1. Quick one: which residues, 5+ away or cross-chain, put their amide H under 5 Å from the amide H of I54? H built at 1.01 Å from N.
2. Starting from the amide H of F10, placed 1.01 Å from N in the peptide plane, find each other amide H under 5 Å away whose residue is 5 or more places distant or on another chain.
3. Over the chain, with a Gaussian network built from C-alpha contacts below 10 Å, which listed residue (T108, T38, T49) shows the highest mean-square fluctuation?
4. Sort D72, D101, D81 so the one with the fewest other Cβ atoms within 10 Å of its own Cβ comes first.
5. Out of H60, H87, H107, any idea which swings most in a Gaussian network model of the chain, alpha carbons joined below 10 Å?
6. Report, in degrees rounded to the nearest 10, the 0 to 90 angle that the Cα long axis of helix 30-43 makes with the longest principal axis of the chain.
7. Rounded to the nearest 0.05, what FRET efficiency is calculated for S16 and H87 with R0 set to 22 Å and r the Cβ-Cβ distance?
8. Within the chain, count lysine pairs with alpha carbon atoms under 22 angstrom apart where the residues are 8 or more positions apart or belong to different chains.
Amino acid sequence: MAEHCGPNEFAVREISVHAQGSFAAFLRKIEDAIGRLTSFFERTRYDYTRFNYIGEWHSHPSFVPEPSSRDDASMRKIVADPEVGAHFVVLLIVKLDAAADLVATAHTYLPNGEKHRAVVKLG
């Protein structure tokens, strides 16, 4: 979940972690996230224009932090879902490099099928 801080600028304020998955895949269960989303929206007083769901994140500990074709398909499915009602979604992929520094990429997906690299500022 993120805060809209300015034109095309968002700050991640809260994340949810799902423990199900395997070496090369994770299992996204919306049921697990509903409680976290509800709590976040209550704390932010349902100010959806300022605070909202921004997308998904996961790690690629053994691979480059770039979206796979499966990642792309999953994100396009989310942003195209009329029940989600998103104008865009972001996929953040993280990993630790050999020096144990966090490396991250982010990609914005639009309902028309476009995908754009986003800028990630860590810290």
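1. Under 5 Å from the amide H of I54: A2.
2. Result for F10 returns C5.
3. Of T108, T38, T49, the Gaussian network model singles out T49 as fluctuating most.
4. Details: D72 15, D101 9, D81 12.
Lowest count first: D101, D81, D72.
5. Ranking H60, H87, H107 by mean-square fluctuation puts H87 first.
6. 50 degrees
7. Working: r = 21 Å, r/R0 = 0.96.
Efficiency for this residue pair is about 0.55.
8. Working: K29/K77; K29/K95; K77/K115; K95/K115; K95/K121.
The result is 5.
All of the numbers you see were taken from the coordinates with simple rules; none came from a lab. Here the structure is a predicted model, which means the values were calculated and not measured. With ideal geometry, Cβ positions are generated from the backbone for all residues, glycine too; neighbour counts draw on all protein chains shown.
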